[in-house]
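Just below is one structure, and these are the notes that go with it.
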Amino acid sequence: MNEKSEIISEIKVVETTTEADSDAVTQTEGVDKANLRHIALGIPFAAWFIIGNEFCERLAYYGGSVPFQNYVQNPPGDPNLPGLLNRGQAVATALQSFFTFFCYFTPMLGAIIADQYLGRYQTIILFSIIYMIGWIILTATSTPAGSASGSSFPGFIVSLVVIGFGTGGIKGIVSTLCADQYTQTSNYVMETKSGELVLVDYDLSIQHLYNWFYWAINVGSLIGGIVCPILELQVGFWAAYLMPSCVFAIAIIVFISGERFYIKPKPTESVLLKAYRVFRFAYKQAGLPQNADAKKKRKSTLDFAKRDSEIPGVSVWSPDATQFASAWDDQFVDELKETVMACKIFVPLSIYWVCYNNLSNNLISQASIMSRPENLPSDIMNNFDPIALIIFIPICDMIIYPFLRKYKINFYPQQRITVGFILGAFSMVWAAVLQYYIYLDPAFQATGQSNISVFLQVPCYLLIAFSEIFASITSIEYAYTHAPKSMKSLVSALSLWPNCAAALISLAISPVSEDPNMVWLYSGVACGAFITGIIYYIVFRHYDVIDAENRTRKANNQTLIDIKVSVNENVALGESNFSKSSA
């Protein structure tokens, strides 16, 4: 007995990592994890195939969609202002807004198919085929032969729907599959080459991955956004759509090439039905007369669906209730609570995305009436947005964020999203002021073309780019890390619905998206984003506190598991040694 006691007193907690680049065993006895510097893991090898696929797909998407505004709005024949369908700014803005809406509405369909039926890999292949068909239709109907036969406009409408199905079907899945490539999903302590003990933080690893995922998106967006408008102006719209078609074919090849390296989570049971049952059960239990006092003391109504609810005075379940609740465990309820938390933040983000959507329609129209160098297409200006992102995402990821963490300064998700709101509002303020001076310009009043330089739009694009780093990247990261494994595609798809709602708002205001209303339109969007940003922080700032508490609880649970494993192993060793000595 004394021998066993001595062994137990010498136990050290051991944590290991299974990642190939960090496979050392670190002894962490007596280490205060709260005071360790947090670091992120490197990006897994398999994830780079998915990032390469996303680069090509976004090059095709943004490059091919940038010409839409000019294609629909302007008449053919002007050598400096390309166009074909001559439907006007309001119609062009409305169709662009519909396209954005549809692209961000359909991810839910892809997520359900991926999570419940085909799995993420097969679902991406399926919708990529649909996507490719859409590009073929758009390219064929934009040729001179297609225009002469009168098929350009109906072909454009059909292609918007088909491309929307394709891109939407994979959009909510591809980033999720990329993050799935991490095999180590819990935090652990490791020793660096310099001898420093650090905490490898899973959430930071996802943030690091999504920063570079978003960086690849914007490199693709930049290349497509420069090449396609030049092709549109110098060759024709058919060439501007053929290039994305070819690039997307490469995207499919790159994605399939990494198939043997991927971690591919299998589809699960109907999580939506399971979640519905939890909600129904929890609210039914909360409505029982004997739970009237407990209902006042609960932190979340969903806690009534937990066996160990920790709600003071909660009534004991009936046998029928116990039988009904056997389909889930307390962990699923906790994960569902985190999912609901994540989904709540998506509602106000719709107002932020109204700011962003102006890049693809109204700001292009604004550029078309400003002074710009000869042969510079008006729809090339929004490339200052991806240029800024390509430069500043690495700076944030490799310099600013690590510097803040080094000095224990935590820039929490809700703080970052709030900053994104404010910067988005300032971008619209800049657009409104610029539009005001365009209207005052005598040249514009006389000819409809202003002498104000188009490069004065650049600060507007820079502000939007900075806002994306804080609001957009953080929201998709938050969606993934707060979704249960069985619902990650679904929640990632839901994180895109603010774009969908924003497109509907843009569609609703598109009839007034023309001169002389643009100052009021930009000003209204700016005020809405600023006020929503302030309200957002007031309502959701406590989420950062909840996240910190959850991280602490998970770390404590992991430590208890490690201690239990170590105790069992060392006691077993003691028994073996004791038996040998007795023999």
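The values are calculated or read from the model by the stated rules, or taken from the named source; none is laboratory data. What you see is a predicted model, and the numbers here were worked out from it, not measured in a lab. All Cβ positions, glycine included, derive from the backbone under ideal geometry; neighbour counts span all protein chains shown. Only protein heavy atoms, including side chains, enter the accessible area calculation; ligands, DNA and RNA are left aside. Shrake-Rupley method; radii C 1.70, N 1.55, O 1.52, S 1.80 Å.
According to the square roots a ≥ b ≥ c of the eigenvalues of the Cα gyration tensor, what is the shape class of segment 367-429, taking rounded for a/c under 1.5, prolate for a/b larger than b/c otherwise, and oblate for the remainder? In terms of gyration-tensor shape, oblate. For the chain, relative contact order (Cα pairs under 8 Å, six or more residues apart, normalised by length) works out to 22 percent.
Placing pseudo-labels 7 Å out from each Cα toward the beta carbon at residue 276 and residue 196 gives an inter-label distance of 5.1 nm. Using a 1.4 Å probe on the protein heavy atoms, what percent of the accessible area of the chain belongs to carbon and sulfur? Solvent-exposed carbon and sulfur of the chain make up 64 percent of the total.
If a/c stays under 1.5 just call it rounded; otherwise compare a/b with b/c (prolate if a/b is bigger, oblate if not). Do that for segment 161-230, with a ≥ b ≥ c from the square roots of the Cα gyration tensor eigenvalues.
oblate
Membrane-span-like helices in the chain (whole DSSP H runs, Cα extent of at least 27 Å along the helix axis, mean Kyte-Doolittle hydropathy of at least 1.6): 237-257, 518-540.
Shape class for the chain, computed from the alpha carbon gyration tensor (a ≥ b ≥ c): prolate, with a/c not under 1.5 and a/b above b/c.
Work out, step by step, the length gained on full extension between residue 398 and residue 542: first 0.36 nm times the residue separation, then minus their alpha carbon distance; give nm to one decimal.
Here the answer is 49.1 nm.
With 23 Å as the limit, the listed pairs 297/408; 337/488; 306/485; 171/485 have 297/408 beyond it between alpha carbons.
Of the peptides 537-543, 122-128, the order by per-residue mean of other Cβ atoms within 10 Å, starting with the highest, comes out as 122-128, 537-543. Each peptide in 403-414, 61-72 receives the mean, over its residues, of other Cβ atoms within 10 Å, and ordering these scores from highest gives 61-72, 403-414. Placing dummy labels 7 Å off each Cα toward the beta-carbon, the span from residue 118 to residue 148 is 3.9 nm. The slack in the chain from residue 409 to residue 86, taken as 0.36 nm per residue of separation less the alpha-carbon distance, amounts to 110.9 nm.
Only one residue of 288, 261, 204 has its Cα farthest out toward the positive end of the dipole of segment 174-308, where Lys and Arg carry +1 and Asp and Glu -1 on Cβ, and that residue is 288. Using only side-chain charges placed at the Cβ, +1 for Lys and Arg and -1 for Asp and Glu, the dipole size of the chain relative to its Cα centre rounds to 1060 debye. Surface analysis of segment 264-330 yields an accessible area of 65 Å² per residue, using protein heavy atoms and a 1.4 Å probe. The mean sequence distance of close C-alpha pairs (under 8 Å, at least 6 residues apart), as a share of the length of segment 428-487, puts its relative contact order at 25 percent.
When you filter the trypsin sites (Lys or Arg not before Pro) in segment 277-362 for DSSP loop state and at most 12 other Cβ atoms inside 10 Å of their Cβ, you are left with 299, 307.
Among the GluC sites (Glu not before Pro) found in segment 328-416, those both in a DSSP coil and sparsely packed, with 13 or fewer other Cβ atoms within 10 Å of their Cβ, are 374. For the chain, the antiparallel share of DSSP beta bridges with both residues in that region comes to about 60%.
Looking at segment 151-247, the accessible area is 29 square angstrom per residue; that uses a 1.4 Å probe and ignores ligands, DNA and RNA.
The mean sequence separation of alpha-carbon pairs under 8 Å and at least six residues apart, normalised by the residue count of segment 188-268, gives a relative contact order of 12 percent.
Starting from the Cα-Cα distance between residue 296 and residue 436, subtract it from 0.36 nm times their residue separation and give me the gain in nm to one decimal.
45.1 nm
Counted by Cβ distance under 10 Å from residue 255, the other residues give a net charge of -3, where Lys and Arg count +1 and Asp and Glu count -1.
Distance between the pseudo-spin-label points of residue 376 and residue 260 (7 Å out from Cα toward the beta carbon): 5.0 nm.
Mean residue ellipticity, 222 nm, helices only, the chain: the sum of -39500 (n - 2.57) across DSSP H runs of n ≥ 4, divided by residue count and rounded to 500, is -22000 deg cm²/dmol.
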